[in-house]
Amino acid sequence: MTQIKHIAIVQEPPAVLNLRQGVADAARYIHQAAAEGAQLVVFSETWLTGYPAWIFGKAAWDDADARYWYGRFLEQCPTIDGDELAPIREAARQTGTTVSLGLNERARASAGSIYNSSLLIGPDGTTLNLHRKLTPTHTERNVWSQGDASGLRVVDTDVGRIGSLICWENWQPMARQALHYQDEQIHIASWPDMPESHAIATRHYAFEGRCFVVAAAQYLTVADLPDALVDAYRSGVGGETGDVLFNGGSAIAGPNSNWVGKQTYDQRGILHFEIDLTEAAQFKHDLDVVGHYARSDVFSLSVDRSVREPVILNDAPQARADVVSGK
């Protein structure tokens, strides 16, 4: 029996450093994708407020310009539980779709650090999972904090069992194995762009995990940026001289590593795919890296999924009462 699922990848330009516009655009794209039949709508890495490629061109020590843009960046990063994302949650609820949103996340409204996060929203508008990128890559460490493994989870949804990793995390063998073990059927691999190396990682993950991998990449042009950041973005993406800085390349790889449909480059839009979930189980006939192809007598993996906070405030009940009473 087939289990056909309809997935949409939003390959539309993000609203860089403009949270309000980005939220409005995301809600509109969710409605559009759902009207065209999508059950799962996927956005690329840090789609909400944009991938900060400018950091690669502003990495000097004590750089006043870098501090300025970091401040601008920080003020446009939403919290997960705040009101900023309400229109996106409402769009998911109204359309009955599951949404995977890549975003720059601020842990608290007053916090000074940012996470590269993947938020999974259910068809009732609630949070199903939040994964924060475990290790930012190279100069990304100038703007993103390290996440913990609390979001290294696969969630059972109406569309299938969904997990996610962000960009080069898809090359981390232990992170992959942790998700494979949870019987992932649909893996969301979010990227800023899709060079051949990212396409190879996508297809490898699909073959190794015998799952479908939704590879979501950004489409971004010079016109989508503040003028003051164009040169820094060009430097960050390898000195591109044309108008297109990220040229998409989104697609879905099947559990045999072949593309479902085709990759779409040099084009913005909402891309639609249909997959048959039964294939995720069928292809494990000859390779199941956490089942008959595993060797638990030789290898073991322990994953600490507890929430990690830098400060734990344990207020004694009496002390709290004294504060409230003004003593």
**Complete:** Here the qualifying pairs (Cβ atoms under 6 Å; residues six or more apart or on different chains; first in the stretch 233-248 and under 18 Å from residue 12 (Cα atoms); second modelled with pLDDT under 90 and of a type in the set (Ser, Thr, Tyr)) come out as 245/233
**Prompt:** Taking the stretch 38-72, which residues are in a loop (DSSP other than H, G, I, E, B), free of Cβ contacts under 8 Å to residues at least 60 places away in the same chain and within 15 Å of residue 233 (Cβ to Cβ)?
**Reply:** 49
**Prompt:** Can you tell me which residues in the stretch 277-287 are over 16 Å from residue 202 (Cα atoms) and open to solvent by less than 30 Å² (accessible area, probe 1.4 Å)?
**Reply:** 277, 278, 287
**Request:** Search the stretch 9-25 for residues being assigned to a loop (DSSP other than H, G, I, E, B) and not aliphatic (A, V, I, L, M), and hand back the single one that is nearest to residue 244 (Cα to Cα).
**Result:** 13
**Prompt:** Which one is surrounded by the most Cβ atoms within 10 Å (Cβ to Cβ), of the residues in the stretch 132-143 that are touching a strand residue (DSSP E or B) at 6+ places or on another chain (Cβ under 8 Å) and in contact (Cβ under 8 Å) with a residue 40 or more places away in the chain?
**Reply:** 143
**Asked** So, of the residues in the stretch 155-177 that are under 15 Å from the mean Cα position of the chain (by Cα) and either of a type in the set (Asp, Glu) or not in a helix (DSSP H, G or I) (or both), which turns out to be surrounded by the fewest Cβ atoms within 10 Å (Cβ to Cβ)?
**Response** 155
**Message:** Considering only residues that are hydroxyl-bearing (Ser, Thr, Tyr), out of contact with any Leu (no Cβ under 9 Å at 6 or more places or on another chain) and either open to solvent by less than 10 Å² (accessible area, probe 1.4 Å) or assigned to a helix (DSSP H, G or I) (or both), which ones fall in the stretch 210-260?
**Reply:** 235
**Message:** Take residue 134 and tell me if it is in a strand (DSSP E or B) and farther than 16 Å from residue 55 by Cα.
**Reply:** no
**Request:** Please indicate, with yes or no, whether at least one residue in the stretch 179-192 is under 18 Å from residue 250 (Cβ atoms) and open to solvent by 30 Å² or more (accessible area, probe 1.4 Å).
**Result:** no
**Residues that are polar (S, T, N, Q) and more than 14 Å from the chain's Cα centre (by Cα), drawn from the stretch 178-201** = 182, 185, 197
**Request:** Among residues belonging to the stretch 8-25 that are touching a residue at least 40 places away in the same chain (Cβ under 8 Å) and polar (S, T, N, Q), point out the one that is surrounded by the most Cβ atoms within 10 Å (Cβ to Cβ).
**Result:** 11
**Request:** Could you please give the count of residues in the stretch 26-37 that are at negative phi, out of contact with any helix residue (DSSP H, G or I) (no Cβ under 7 Å at 6 or more places or on another chain) and either part of a strand (DSSP E or B) or open to solvent by 20 Å² or more (accessible area, probe 1.4 Å) (or both)?
**Result:** 4
**Asked** Conditions: (1) under 19 Å from residue 117 (Cα atoms); (2) open to solvent by 20 Å² or more (accessible area, probe 1.4 Å); (3) among the charged types (D, E, K, R). Residue 5 meets all but one. Number of the miss?
**Response** (1)
**Message:** Exactly one of these conditions fails for residue 283: (1) touching a Leu at 6+ places or on another chain (Cβ under 9 Å); (2) in contact (Cβ under 8 Å) with a residue 40 or more places away in the chain; (3) among the aromatic types (Phe, Trp, Tyr). Give me its number.
**Reply:** (1)
**Item:** Residues within the stretch 86-131 that are open to solvent by 10 Å² or more (accessible area, probe 1.4 Å), part of a helix (DSSP H, G or I) and farther than 20 Å from residue 153 by Cβ, tallied
**Value:** 6
**Request:** Check the stretch 73-83 and report whether any residue there is over 26 Å from residue 236 (Cβ atoms), crowded, with 17+ Cβ neighbours inside 10 Å and either more than 22 Å from the chain's Cα centre (by Cα) or of a type in the set (Gly, Ala, Ser) (or both).
**Result:** no
**Message:** On the basis of being closer than 28 Å to residue 13 by Cβ and modelled with pLDDT of 95 or more, does residue 205 make the cut?
**Reply:** yes
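The values are calculated or read from the model by the stated rules, or taken from the named source; none is laboratory data. This is a predicted model, so every value here is computed, not measured. Note: ideal-geometry Cβ built from the backbone for every residue, glycine included; neighbour counts use all protein chains shown. For accessibility, only protein heavy atoms count, side chains too; no ligands or nucleic acids. Shrake-Rupley method; radii C 1.70, N 1.55, O 1.52, S 1.80 Å.
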